[in-house]
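Remarks on the structure that follows.
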Amino acid sequence: MNLILCGMMGAGKTTIGIKVAEKTGRRWYDTDGLIVDKYGEIADIFEYYGEAHFRKLETEIVKELAKQDGLVISTGGGLVLLKENNVLLQENGKIVFLRAKFETLAQRLKVDGSRPLLQSSTESIRDRLARLLNERAPVYEHAADYIVDVDEKTPEQIADEIIALTGCNNQ
């Protein structure tokens, strides 16, 4: 069984994924990192090919990962928005939604100019983030087998909570 982390950008999916993998001896993969390795920078993909193309690449990565077992997978913020991805991931895994409050996300992302979905000529970053959070939170909650609140917790505490909830303390 795989353990899949989903949530908004800035929720800590990468940091927590690494920590859970270290504690459980599982292999860790980051879908955004795999896309960069295979296809190039995410910002470039968005700029030259658009978000729809990027989402297709995410699905290709998910198809590859879903065939494996015993992984910790940190997903891109929009990956679980596509039902096909959820079906693939849930066939051999449990999805954990790392839920963060708006202010936590805003604080973590305020110095990060590399997020393509936060770039907009018509909205402030805070407005765009608030809109994305309002749109995505219900989808994350629906997709998730487990929900873990990450505000005011250390990565260590969050990882321990995920391991206890899921029973994934070993491969």
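Would you compute, for the Cα atoms of the range 2-166, the largest minus smallest coordinate along each principal axis and list the three values in descending order, in whole Å?
On the principal axes, the range 2-166 reaches 43, 34, 26 Å in Cα extent.
Quick one: which residues, 5 or more positions from residue 93 or on another chain, have an amide H under 5 Å from its amide H? H modelled 1.01 Å from N in the peptide plane, none for Pro or chain starts.
2
Amide H to amide H, which residues 5 or more places from residue 74 or on other chains are under 5 Å from it, using H placed in the peptide plane?
5, 29, 30, 31
What is the set of long-range amide H partners of residue 99 at a cut-off below 5 Å, with H atoms built 1.01 Å from backbone N?
148, 149, 150
Over the chain, calculate the relative contact order: mean separation of alpha carbon pairs under 8 Å at least 6 apart, over the residue count, as a percent.
About 36 percent, as a whole number.
For residue 153, give me every one of the lysines with a C-alpha distance below 26 angstrom, ignoring sequence neighbours fewer than eight places off in its own chain.
13, 19, 23, 94, 101, 110
No value in this document is a laboratory result; all are computed from the given coordinates. What you see is a predicted model, and the numbers here were worked out from it, not measured in a lab.
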